[in-house]
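The values are calculated or read from the model by the stated rules, or taken from the named source; none is laboratory data. Being a predicted model, the structure only gives us computed values, none of them experimental. Glycine gets a Cβ as well: all are built from the backbone with ideal geometry, and neighbour counts include every protein chain shown. When the accessible area is computed, the model is the full protein with side chains, heavy atoms only, and any ligands, DNA or RNA have been set aside. Shrake-Rupley method; radii C 1.70, N 1.55, O 1.52, S 1.80 Å.
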Amino acid sequence: NAVRAVAVGYDYAPIGYAAASVILLADGTVKITGGGNWFQATNSTVPVTVNGLANVIDIKGNATTCYALTANGDVYSFGRQMQLGSVFIPSLGTGVTDGSLHQPAKIDFPAGAGKIVALSSNNDGYHCFALDSSHNLFAWGYNVYGQLGCGDTIDRATPIFVASNVLDIFAGENFSYILKADSTLWSTGSSGYPQVPEYDYGSIWMNLPNIKRSTFTQISPHHCPNEFMCAKSMGRCAS
């Protein structure tokens, strides 16, 4: 009776962290297997029910946090936030800024937000997107690469409004895409890790210079630069 499963976290043996599979059942309950010290106190080798979640219709996850969307539009998160230097990456979205193991807790959205209808996150990333019924986009979490699209590179511990007239969302590792109601495609963040050339993977910017941006910028999906899957000898992009 499973309807969706997501991979979350990663194994980190020195401190006993374990990656997990999180499973949504048709009856709206959520189960987890693995995840010891990351998403639940004790590692499990068979799926066990996640307490505190009911009427769930979708699940998403990133490197440190799992998110659950309920039928009435509420969003819950659970997991453990990653420490980076002297601070913790606020991926939970509930306002806490520590590295404790947190059980499911409801995320509060800004006043005026509508019913949340969609979530997006990436199991290599540390941020999350939420889309409401009025096509407004909210974001929270890690933002050093500008991936939240809010105009700066400051992490956010709770959701903030970042865009309107949004139809579809994709939160990547250090970049993000949105599709707007007028069928235009927009991106924010960084293609890779510019400070490490071998990890700078192509370009998310299509027709624009490949630099880090912290605001959603319209790009052309019809134009493919040479560094993005292009067969140079043929003078055109590979399909």
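Cβ separations smaller than 9 Å between residues 6+ apart or across chains give the following pairs from the stretch 166-194 residues that are within 15 Å of Thr217 (Cα to Cα) and at pLDDT 95 or above to residues that are acidic (Asp, Glu) and open to solvent by 20 Å² or more (accessible area, probe 1.4 Å): Tyr177/Asp168; Ile178/Asp168; Leu179/Asp168; Lys180/Asp168; Gly189/Glu173. At least 1 residues being out of contact with any helix residue (DSSP H, G or I) (no Cβ under 9 Å at 6 or more places or on another chain) and closer than 19 Å to Asp168 by Cβ is the threshold, and among the strands (runs of 3 or more DSSP E) wholly inside the stretch 61-138 those reaching it are 65-70, 75-80, 116-121, 127-132. Determine whether Gly151 is buried (at least 21 other Cβ atoms within 10 Å of the Cβ), among the small types (Gly, Ala, Ser) and touching a residue at least 12 places away in the same chain (Cβ under 8 Å). So Gly151 does not fit the description; no.
Every condition in (1) surrounded by fewer than 24 Cβ atoms within 10 Å (Cβ to Cβ); (2) free of Cβ contacts under 8 Å to residues at least 24 places away in the same chain; (3) not acidic (Asp, Glu) holds for Gln81 except the one numbered (1). Of all residues in the stretch 43-60, those satisfying the criterion of being part of a loop (DSSP other than H, G, I, E, B) and surrounded by 19 or more Cβ atoms within 10 Å (Cβ to Cβ) are Val50, Leu53. Residues of the stretch 57-81 that are modelled with pLDDT under 95 and β-branched (Val, Ile, Thr): Thr64 alone.
For the stretch 1-19, the set of residues classified as over 16 Å from the mean Cα position of the chain (by Cα) and aliphatic (A, V, I, L, M) consists of Ala2, Val3, Ala13, Ile15, Ala18, Ala19, listed by residue number.
Of everything in the stretch 118-131 that's in contact with a Gly (Cβ under 7 Å, 6 or more places away or on another chain) and open to solvent by 30 Å² or more (accessible area, probe 1.4 Å), which residue is modelled with the lowest pLDDT? Checked the stretch 118-131; the qualifying residue modelled with the lowest pLDDT is Asn123.
Gly114 passes every criterion in (1) in contact (Cβ under 8 Å) with a residue 12 or more places away in the chain; (2) surrounded by fewer than 19 Cβ atoms within 10 Å (Cβ to Cβ); (3) more than 28 Å from Asn55 (Cα to Cα) apart from (3). Which condition from (1) within 15 Å of Leu24 (Cβ to Cβ); (2) more than 16 Å from the chain's Cα centre (by Cα) is the one that Leu119 breaks? That leaves (2) as the condition not met. Scan the stretch 79-92 and give yes if some residue there is charged (D, E, K, R) and under 11 Å from the mean Cα position of the chain (by Cα), otherwise no. The answer is no; no qualifying residue exists. Of the residues making up the stretch 86-108, those that are in contact with a Pro (Cβ under 7 Å, 6 or more places away or on another chain) and open to solvent by less than 50 Å² (accessible area, probe 1.4 Å) number 2.
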